[in-house]
1. Quick check on this structure: which one of Ala81, Ala140, Ala88, Ala114 is surrounded by fewer than 18 Cβ atoms within 10 Å (Cβ to Cβ), within 27 Å of Gln206 (Cα to Cα) and either touching a Ser or Thr at 6+ places or on another chain (Cβ under 8 Å) or small (Gly, Ala, Ser) (or both)?
2. Could you give every pair whose Cβ atoms fall below 9 Å, whose first residue belongs to segment 196-221 and is in a helix (DSSP H, G or I), and whose second residue is surrounded by 13 or more Cβ atoms within 10 Å (Cβ to Cβ) and among the hydroxyl-bearing types (Ser, Thr, Tyr), counting only separations of at least 6 or pairs across chains?
3. Do we have Leu73 as surrounded by 19 or more Cβ atoms within 10 Å (Cβ to Cβ) and in contact with a Pro (Cβ under 9 Å, 6 or more places away or on another chain) here?
4. Being crowded, with 20+ Cβ neighbours inside 10 Å and in contact with a strand residue (DSSP E or B) (Cβ under 9 Å, 6 or more places away or on another chain), is that true of even one residue in segment 179-186?
5. Within segment 323-350, track down each residue that is hydroxyl-bearing (Ser, Thr, Tyr) and out of contact with any strand residue (DSSP E or B) (no Cβ under 7 Å at 6 or more places or on another chain).
6. Which residues, counting only those in segment 117-129, are in a loop (DSSP other than H, G, I, E, B), in contact with a helix residue (DSSP H, G or I) (Cβ under 7 Å, 6 or more places away or on another chain) and surrounded by fewer than 21 Cβ atoms within 10 Å (Cβ to Cβ)?
7. For residues that are crowded, with 21+ Cβ neighbours inside 10 Å and touching a strand residue (DSSP E or B) at 6+ places or on another chain (Cβ under 7 Å), tally how many sit in segment 211-230.
8. Consider Phe56 against the criteria (1) in contact (Cβ under 8 Å) with a residue 60 or more places away in the chain; (2) under 20 Å from Gly100 (Cβ atoms): it satisfies all of them except one. Which criterion is unmet?
Amino acid sequence: MSSRFKLFSDPVHGFISVPRGLILRLIETPTFQRLRRIRQLGLGFLVFPGAVHTRFEHALGAMALMQEALMTLREKGTVMATDEVEGALTAALLHDVGHGPFSHTLEEELLPPAPDGTVHHHERMSRALMARLNDRLDGALDTALAIFDGHYDRTFFHTLIASQLDMDRLDYLRRDSFYTGVAEGVVGVERILKTMRVHPAHGGPQARIVIEAKGAYAIENYILSRRLMYWQVYRHKTVVAADHLLRAAFARARMVWTASDPALAATAPCLTFFLTSGVTAADVDRPDVLDHFVALDDTDVLYSLKRWAEARDPLLADLARRFLNRDLPRTTFLPAAPSPETIAAWQARVAQWLVAEGLSSVARAEANTAYVLATGVARNDAYRLGGDVIAILERDGRLRELSEAQDVTAVSAMAGVVEKPYVCFPKAVALPLVGTA
């Protein structure tokens with residue numbers, strides 16, 4: 001007799017038991033297997049050499065944590081139907097199936113903003129791919145889609161999928177900490193899961209996920225870990241530089257595209273579609289967009305960059321070579337956003353450098369600075385007050401928002417959005433930067 005589960009060995013969570021049936025069938029689909037070829041941390045491997053883990057193991061990990069969370073909630077008196085459990089596991093498994101190459105880095109480069117201003121986010125692609133799988137499986141994902149969308153009447157299931165304390169965040173913090181070696185990201189996941197409960201326990205439409213008072217310190221540490229991981233890993237200045245360089249290469253390739261250039265003509269076919277067809281964020285549900293998207297992964301981008309390094313356009317060739325050889329620009333955090341006059345001065349210096357390096361004509365130099373000089377703001381919101389706040393169930397039976405809970409004093413200091421302006425520019429150019437970090 002075969003086992004009811006298939007085991008996957010995971011270095012972060014140990015053995016993961018995957019139920020045979022729908023869940024295993026979904027894992028075996030090409031749509032899900034593609035996640036083996038999508039790096040979880042995007043370009044983080046250029047800073048942390050061990051960060052080559054993929055969205056595949058993260059998705060398995062999120063599903064495994066969902067299993068543990070549901071088991072705990074059941075043990076504490078919340079009754080769940082079999083289809084609800086399967087739906088929650090499915091939603092956790094497929095929540096990131098819509099990620100493109102290098103995860104977040106190229107979302108808007110593949111599907112630019114729609115004419116109405118709608119910006120593409122991977123969640124919309126995940127939803128579209130889940131709907132396609134649901135059609136092919138005769139409605140087997142109906143409950144999962146309702147939970148994913150937040151339309152299921154027992155809303156606590158959606159909280160476990162998408163909130164300030166969901167299975168996605170609990171897995172990626174622990175997993176990214178493990179593979180980067182950044183110890184500050186270590187989170188007490190087991191204690192958090194064991195102190196979860198549904199309140200009221202019957203789990204009706206108004207019930208919510210809460211944390212028992214004995215888990216408050218673990219939640220406080222989780223918020224701190226999230227804050228530290230953003231500045232040390234996700235918003236690391238060299239990762240920011242790499243992101244800008246890759247996006248610039250894509251923008252330039254789209255701008256100078258011509259099939260008469262052998263280097264551009266050799267671009268991976270599925271990537272050529274997104275660069276030349278004019279599709280935008282409004283087209284995410286089109287069958288041809290979905291077909292090309294599930295054929296696209298990190299390999300296609302790296303292959304295409306190797307071809308673009310021989311492009312006739314000197315600026316595109318330079319951008320591609322710099323990325324492949326990790327010759328990255330410099331990112332400097334600023335005490336305040338630069339003034340228009342400061343940016344204009346920077347552009348003048350960078351334009352001179354482009355001409356001197358043979359990367360641009362004099363006439364196009366000012367416009368071409370956009371590919372090698374960029375300003376922006378790095379944001380970190382470790383915990384947001386308002387909306388789907390984390391609730392603590394005190395020992396006297398009262399519910400308190402996390403920052404107001406007893407003995408949890410550091411959370412209020414970490415709440416809100418922290419912003420750091422920055423400038424990204426070629427290392428060979430000396431920009432006048434005052435009071436920078």
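The values are calculated or read from the model by the stated rules, or taken from the named source; none is laboratory data. Keep in mind that what you see is a predicted model, and the values were worked out from it rather than measured. Every residue, glycine among them, receives a Cβ derived from its backbone with ideal geometry; neighbour counts consider all protein chains shown.
1. Ala81
2. Listed by first residue and then by second, the contacts come to Ala213/Thr195; Lys214/Thr195; Gly215/Thr195; Ala216/Thr195; Ala218/Thr195; Ile219/Thr195.
3. Against the criterion (surrounded by 19 or more Cβ atoms within 10 Å (Cβ to Cβ) and in contact with a Pro (Cβ under 9 Å, 6 or more places away or on another chain)), Leu73 does not qualify.
4. No, segment 179-186 contains no residue that is crowded, with 20+ Cβ neighbours inside 10 Å and in contact with a strand residue (DSSP E or B) (Cβ under 9 Å, 6 or more places away or on another chain).
5. Residues satisfying the conditions are Ser339, Thr342.
6. Once the filter is applied, which keeps residues that are in a loop (DSSP other than H, G, I, E, B), in contact with a helix residue (DSSP H, G or I) (Cβ under 7 Å, 6 or more places away or on another chain) and surrounded by fewer than 21 Cβ atoms within 10 Å (Cβ to Cβ), segment 117-129 yields Thr118, Val119, His121.
7. Number satisfying all stated conditions: 4.
8. Looking at each condition in turn, Phe56 falls short on (1).
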